[in-house]
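Trainee: The structure that follows is given in the form of C-alpha cells.
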Amino acid sequence: MTTFSQKRFFMNKNIGSIKRKTLLYKSKVDYGGWTINHIVGCTHGCRFPCYAFMMAKRFGWVKDYNDWRTPKLVSNALELLEKELENLKEEVSVVHLCFMTDPFMYDDTKNILIPEVKEMTLKIIKKLNDEGIRVTTLTKGLYPEEILESPYSIDNEYGITLVSLNNAFKERFEPFSSSYDERLLSLKRLSDVGRKTWISMEPYPTPNIDATAENIEYLLDKISFVDKIIFGKLNYNVGSSKYSGNDVFYRTVAGKIVDFCDARDIQYHIKTGTPLSEKSTVKILQHVGVNK
Ligand code: SF4
C-alpha cells in the first residue's frame, strides 16, 4: 500500500529510479580507480559525443538520447555502498564520482541542480568520508554550498570539466550543462576557501570544431588556481579525427599545458592516447598532491 508520504514523494519527484545489484567498481579510465555511478543517464546530454551515453545505449541501459537525458537514480545506492564497504574498506582509499554520469547534474530549465541527484551525491560523499575514504568528483553542473560544511573531508578533490570558454561551442556540444562562467565560479569559490580543485580538459576540441581551441593560454589563465589538470584529446568525433593537423595540434597544446603546470607547481596528467602522455602521472587522483 502506498502511504501518504510516499504519494507526496512520487508526485513531487523530477527523476525516476532503478535498483542495482552492485555499485563500487574499478574504472577502466586510465587515471581512474574505484568509482561510483549512482545515476543512469544525464540531463546534460553532451554531443561530443558522450562516451557514457554510447556505452549505456550499447548495453541497453537506455533506449535513445531522450531516455539518456531522463536520468534515473539508483535508489538502493546507499544500501549497496554500506554492504560493499564491509568487504572493501581496507582496499579502498579514494572513490571517484562519476565517470558514466554527473554527480551534480544541472536542470537548465530551472537553473538549479537536480535536488534528488545532489542529495544522493552528498550522502554518498559523507558515507565515504565517514569511513575515512577520500572522494574525487567531476561535474559539468555546479558545486552546492553544502560541500563546504564540516562533514566532508578536506582531502576531497572537486573537479569540473572545462574544454572551452566559447559559448557558441557550448551551445552546440554541451547545451544543457551549467554555463562556463558559473561552473568556473563555483569551483573558484571552493578553491578560495581552501578546498582542493581540479580541471578535466577532456575531450579537448580541435580548431575546426572550436575556433578558439588554439588559444589554450586564454583558458589556462582562467584556471590557474586549480591544484590539478587532466588533459585529453577528443575521440569518437568525425570532425576532430578528420582534422589534418590533429597530432601536431594536440602535441602543441599538451606541451603548453605541461609548461604551464610545471611553472606553477600544478599537478597534471596527459591522458593515454594523447601526445605527451606519460604513465608516471596516471595516478594523479589516487594521492593528494602527488604527481609522479
Ligand atoms: S556531463 Fe558527462 S556524462 Fe553527462 S552527458 Fe556530458 S559527457 Fe555525458
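Trainee: With helices defined as uninterrupted DSSP H runs, which ones in the chain have an alpha carbon span along their own long axis of at least 15 Å and mean Kyte-Doolittle hydropathy of at least -1.0?
Mentor: 77-88, 115-130, 180-192, 246-264
Trainee: Please list the non-local residues whose amide H lies under 5 Å from the amide H of T139, H modeled 1.01 Å from N, same-chain partners needing a gap of 5 or more.
Mentor: For T139, the qualifying residues are G159, I160, T161.
Trainee: So what are the ³J(HN,Hα) numbers for segment 141-158, from phi and the Karplus equation (6.51, -1.76, 1.60; θ = phi - 60°), rounded to whole Hz, Gly and Pro as x?
Mentor: For segment 141-158, the Karplus-derived couplings read x, 9, 8, x, 4, 4, 5, 7, 6, 5, x, 9, 5, 5, 8, 4, 10, 9 Hz, x marking Gly and Pro.
Trainee: Would you mind telling me the share, in percent, of accessible area of the chain contributed by carbon and sulfur at probe 1.4 angstrom? Intermediate values should be presented prior to the final figure.
Mentor: On the way: 7200 of 14120 Å².
Using a 1.4 Å probe with all protein chains present, the chain comes out at 51 percent carbon and sulfur.
Trainee: I would also like to ask the following. Can you give me the Cα centroid spacing of segment 203-234 and segment 33-96 in angstrom?
Mentor: Answer, in whole Å: 26.
Trainee: Cut-off 15 Å, label point 7 angstrom out along Cα-to-Cβ of Y218: give me the residues of segment 165-189 whose amide nitrogen falls inside.
Mentor: 165-171, 180-181
Trainee: Consider all pairwise Cα distances in segment 135-197 and report the whole-number % of them above 17 Å. Mind dumping the intermediate values first?
Mentor: Details: 749 of 1953 pairs.
For segment 135-197, the fraction of Cα-Cα distances above 17 Å is 38 percent.
Trainee: Filter the chymotrypsin sites (Phe, Trp or Tyr not before Pro) in segment 216-245 down to the DSSP loop ones having no more than 16 other Cβ atoms within 10 Å, then list what survives. Let's see the in-between values first.
Mentor: On the way: sites: Y218, F225, F231, Y236, Y243; in loops: F225, Y236, Y243.
Passing sites in segment 216-245 are F225, Y236.
Trainee: List the residues, sorted by chain then number, that are 5 or more residues from T197 or on another chain and whose placed amide H is less than 5 Å from its amide H.
Mentor: HN-HN under 5 Å from T197: Y158, D227, K228.
Trainee: While we're looking at this one, here's another question. Could you give the distance between the Cα centres of segment 144-161 and segment 110-130, to the whole Å?
Mentor: Distance between centres, Cα-based: 11 Å.
Trainee: Report, in deg cm²/dmol and to the nearest 500, the calculated mean residue ellipticity at 222 nm for the chain, where each DSSP H run with n ≥ 4 adds -39500 (n - 2.57) and the sum is divided by the residue count. Each step should come with its number before you reach the end.
Mentor: On the way: 10 runs with 100 residues, N = 292.
One gets -10000 deg cm²/dmol as the mean residue ellipticity at 222 nm.
Trainee: Please list V248, V226 from largest to smallest accessible area, probe radius 1.4 Å, with all protein chains kept in place.
Mentor: Descending order: V248, V226.
Trainee: Follow-up. Each residue of segment 94-105 in turn: what ³J(HN,Hα) in whole Hz from Karplus with 6.51, -1.76, 1.60 and θ = phi - 60°, glycine and Pro shown as x?
Mentor: 3J(HN,Hα) across segment 94-105, in whole Hz: 8, 10, 9, 10, 9, 9, 10, 6, 10, x, 10, 5.
Trainee: With no solvent and one point per C-alpha, what does the Debye sum give as log10 I(q)/I(0) for segment 38-116 at q = 0.22, 0.26 Å⁻¹?
Mentor: Normalising to I(0) and taking log10 leaves -1.06, -1.24.
Trainee: Test of understanding: express the Cα radius of gyration of the chain as a ratio to 2.2 N^0.38 Å, with N the residue count.
Mentor: Its radius of gyration relative to the 2.2 N^0.38 Å reference: 0.99.
Trainee: Taking only C-alpha pairs under 8 Å that are 6+ residues apart, what is the relative contact order of segment 14-281 in percent?
Mentor: On the way: 483 pairs, mean separation 42.5, N = 268.
That works out to 16 percent.
Trainee: Rounded to the nearest 20 debye, what is the charge dipole size of segment 75-166 about its Cα centre when +1 sits on each Lys and Arg Cβ and -1 on each Asp and Glu Cβ?
Mentor: Roughly 220 debye, rounded to the nearest 20.
Trainee: Whole number in Å², please: accessible area per residue of segment 83-187, 1.4 Å probe, ligands, DNA and RNA not counted. Spell out each step's value before the answer.
Mentor: On the way: 4220 Å² over 105 residues.
Accessible surface, normalised per residue, equals 40 Å².
Trainee: Taking amide H positions as placed 1.01 Å from N in the peptide plane, with prolines and chain starts having none, which residues 5 or more places from I18, or on another chain, fall under 5 Å of its amide H?
Mentor: Residues meeting the criterion, in which the H sits 1.01 Å from N, are L73, V74, S75.
Trainee: Assigning unit charges at the beta carbon (Lys, Arg +1; Asp, Glu -1) and nothing else, what dipole magnitude in debye, to the nearest 20, does the chain show about its Cα centre?
Mentor: 900 debye
The values are calculated or read from the model by the stated rules, or taken from the named source; none is laboratory data. These figures come from a predicted structure and were not determined experimentally. Backbone-built Cβ (ideal geometry, glycine too); neighbour counts: all protein chains shown. In case anyone asks, the SASA skips ligands and DNA or RNA and just uses the protein heavy atoms, side chains included. Shrake-Rupley method; radii C 1.70, N 1.55, O 1.52, S 1.80 Å.
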